[in-house]
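Just so it is clear, none of the values below were taken in a lab; they were calculated from the coordinates. Predicted model, so just to flag it, every value in this text is computed and none were measured. Using ideal geometry, Cβ is built from the backbone for each residue, glycine included, and neighbour counts are taken over all protein chains shown.
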Amino acid sequence: MRQALPTLDTTRKRLNALPRSPAEALEPGRAPRPPRRIRERREARRMNGFLRFISGIITFCFLGMTVVAVIALLLRTNFDAPGPLTHSAVTVIPRGEGVQEIAARLEREGIVSDRRLFVAQYLSQSLHIRLTGGKEISLQAGEFEFRKQASMKDVLETLAQGKAVLYRLSVPEGLTSQQIVARLMAEENLSGEITEVPPEGSLLPDTYRFSRGMARSDILERMKADQKRFLATIWDKRQSDLPFKTIEQAIVLASIVEKETGRADERERIAGVFVNRLKRGMRLQSDPTIIYGIAGGQGTLGRPITRSDIDTPTPYNTYAITGLPPGPIANPGRAALEATLNPAKTKDLYFVADGTGGHNFSETLRDHNAAVQVWRQVERDIRARQAAAANPAPAAQADSDPSPTSAPAAASGNAGRAPSDVPLPQRKPKR
């Protein structure tokens with residue numbers, strides 16, 4: 001039988017199967033691909049290994065989360081549990097102390113049971129706030145009071161929110177700025193120096209709360225800001241026909257009103273007298289302006305006014321000048337400022353002490369002189385009692401009344417001018 005000749009494709013396959021070089025002839029031949037089932041089993045094993053790896057990671061995370069949850073629960077339980085304090089306590093946190101130092105101080109003073117738990121809770125809350133985009137917490141300095149059995153949560157909230165023990169500083173109306181500074185310097189719970197006395201009349205007297213260690217200058221700044229804010233609320237509500245145009249002038253007159261009376265029911269009427277006198281071009285003739293012109297920021301002479309004091313010319317002496325003095329003579333309170341901007345609608349031009357702590361008001365000089373005589377009798381009685389108490393002689397001489405040198409036209413009514421350097425009795429009791 002005749003053998004068939006190889007085709008061209010068969011010849012090419014055979015030639016391609018032959019090694020190209022002796023080195024290639026020495027190389028081992030490529031193993032054939034494994035059957036399909038074997039490949040599938042290998043791929044399944046690789047996939048199972050990956051799944052086991054993922055499963056391990058998930059298990060580890062779950063265990064980790066469980067541990068974290070247990071720790072958080074324990075921290076929360078201890079954090080909310082009643083603290084070790086058997087009674088209320090006060091502690092002072094100095095400025096500049098960090099969390100570790102504060103926690104150690106709280107543990108040392110028996111406010112928290114474990115400083116490490118306190119720090120851990122602080123850090124966990126800080127982390128939570130950062131993750132949620134809240135406001136970062138920080139422990140404040142100051143003096144803090146913690147109640148009996150206060151929990152760590154209560155302690156942390158108190159320090160983070162700055163719920164410090166607050167003290168009170170009462171600043172009476174009518175003090176000068178120098179006197180207010182002296183009060184601030186005498187308050188031992190405040191800190192820092194005051195290098196400059198604020199301008200007269202720029203502070204609002206009130207009762208101010210502060211925490212231990214607050215700077216004295218901060219209190220002054222608060223008093224200035226409170227006055228500006230208060231004036232802004234009442235300035236637009238003032239009467240339209242007042243004889244002054246600026247807030248500064250209103251403060252000047254309010255300071256005089258403040259020093260003239262301590263009675264709330266008289267302020268508007270006192271302000272009305274001064275407004276009437278300003279409109280008529282009359283001098284105010286207010287004794288407190290004499291005192292300020294001589295004593296300045298000290299606020300008091302330490303003695304009654306004398307005739308020579310009245311005759312002493314100063315820029316503030318409203319017996320010598322017409323109109324308002326160049327500046328306030330004290331720091332007026334809210335009531336005096338409101339009375340000045342909305343004085344009583346009255347025709348009164350004079351007032352004089354009535355012996356009871358108040359004043360008699362008059363529209364005419366004749367009525368005023370009659371009220372002056374009543375006041376002078378009160379003065380004689382007072383001096384007689386004082387003389388009897390100081391010198392209990394069998395026959396005490398009656399105190400004669402010095403003759404007035406001129407008709408008493410003063411608005412503030414130290415009625416009847418005494419001879420030079422003889423003290424003029426006070427019109428009203430000192431506040």
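Could you give the Stokes-Einstein D for the stretch 177-321 in µm² per second, using the C-alpha Kirkwood radius, 37 °C, 0.692 mPa s? Walk me through the numbers before you get to the answer.
Details: Rh = 17.2 Å.
After rounding, the answer is 191 µm²/s.
Return the tail of the calculated pair distribution for the stretch 66-160, meaning the percent of Cα-Cα pairs more than 16 Å apart.
Looking at the stretch 66-160, the distances longer than 16 Å represent 54 percent of pairs.
Check which residues have an amide H placed less than 5 Å from G323's amide H, if you skip close sequence neighbours.
Close amide H contacts, sequence-distant or interchain: L284.
In the P(r) worked out for the stretch 166-232, what percent of Cα pairs fall beyond 14 Å?
On the way: 1162 of 2211 pairs.
For the stretch 166-232, the share of Cα pairs beyond 14 Å comes to 53 percent.
Given a cut-off of 31 Å, name the pairs among K135/K237; K224/K245; K163/K237 whose C-alpha atoms lie farther apart than that in the structure shown.
Exceeds cut-off: K135/K237; K163/K237.
Among D348, D226, which comes first, second and so on when ranked by fewest other beta-carbon atoms within 10 Å?
Details: D348 22, D226 16.
So the ranking, lowest neighbour count to highest, is D226, D348.
Kindly put D154, D218, D236 in sequence by how many other C-beta atoms sit within 10 Å of each C-beta, fewest to most. Intermediate results must be reported in sequence, preceding the final value.
Numbers: D154 18, D218 14, D236 7.
Result, fewest neighbours first: D236, D218, D154.
How about the stretch 170-276: which GluC sites (Glu not before Pro) there lie in a loop by DSSP and see at most 12 other Cβ atoms within 10 Å?
On the way: sites: E173, E187, E188, E193, E196, E200, E221, E248, E258, E260, E266, E268; in loops: E173, E187, E188, E193, E196, E200, E266.
Passing both the DSSP loop test and the Cβ count: E188, E193, E196.
What's the exposure ranking of H368, H128, going from fewest to most Cβ atoms within 10 Å? Don't skip to the answer; put the middle values down first.
Values: H368 24, H128 10.
The order, fewest Cβ neighbours first, is H128, H368.
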